[in-house]
1. Can you tell me the dipole magnitude for the chain around its Cα centre, using point charges on the Cβ only (Lys, Arg +1; Asp, Glu -1), in Debye to the nearest 20?
2. For GLU84 and THR7 in the same chain, what is the full-extension length gain: residue separation times 0.36 nm, less their Cα-Cα distance, in nm?
3. Step through the table entries LYS9/LYS85; LYS2/LYS91; LYS17/LYS46, compare each Cα-Cα distance with 21 Å, and write down the pairs that go over it.
4. Treating only the Cα positions of the chain as identical point scatterers, give the base-10 log of I(q)/I(0) from the Debye formula at each q in 0.21 Å⁻¹.
5. Which residues' amide hydrogens lie under 5 Å from the amide hydrogen of ILE14, considering only partners 5 or more residues apart or on another chain, with H built in the peptide plane?
6. Roughly to the nearest percent, how much of the accessible area of the chain is carbon and sulfur, given a 1.4 Å probe?
7. Compare the peptides 48-58, 32-42 by average per-residue count of other Cβ atoms within 10 angstrom and give them in order, highest first.
8. How much area per residue is accessible in the chain when the probe is 1.4 Å and only protein heavy atoms are counted (Å²)?
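The values are calculated or read from the model by the stated rules, or taken from the named source; none is laboratory data. None of the values given here were measured: they were computed from a predicted structure. All Cβ positions, glycine included, derive from the backbone under ideal geometry; neighbour counts span all protein chains shown. Quick note on the areas: whole protein, heavy atoms, side chains included, nothing else; ligands and nucleic acids left out. Shrake-Rupley method; radii C 1.70, N 1.55, O 1.52, S 1.80 Å.
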Amino acid sequence: MKTVSGTLKHGLKIGDKTHLEFVMREPTTEDLFEAEDVHGTDTPLKFKGALIARVLVSVGTYTGPFTFGMVRGLKPVDFLTLSEKYAEAEKLGEG
């Protein structure tokens, strides 16, 4: 499994701890179908959020599973960071 990593500016709060460092894996075709099942493709932002939730491996010490609601609760700058890293992770499967 190929992964990319990065740091969130504001982080993901889980319980009483805010996590900043994250690891994301390359997406699979199954991830695409599952994200589509959750939100369809007619709402691209929700589809991307569902997809990101599926490919997140860890944020800080939390290793998932991640939900759409967790991703939805992020600050926009952190969602943008994850979106950019998702694009990078997507390219891992092209080699």
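1. Working: 12 positive and 14 negative charges, 91 e Å.
The dipole of the chain has a size of about 440 debye.
2. Details: separation 77, 0.36 × 77 = 27.72 nm, distance 1.17 nm.
The GLU84-THR7 span can extend by a further 26.5 nm.
3. Exceeds cut-off: LYS17/LYS46.
4. Log10 I(q)/I(0), no solvent term: -1.03.
5. HIS19
6. Values: 3040 of 5700 Å².
So the carbon and sulfur contribution to the accessible surface is 53 percent.
7. On the way: 48-58: 21.6, 32-42: 13.5.
Going from most to least packed, we get 48-58, 32-42.
8. Details: 5700 Å² over 95 residues.
Computed with neighbouring chains in place, this is 60 Å² per residue.
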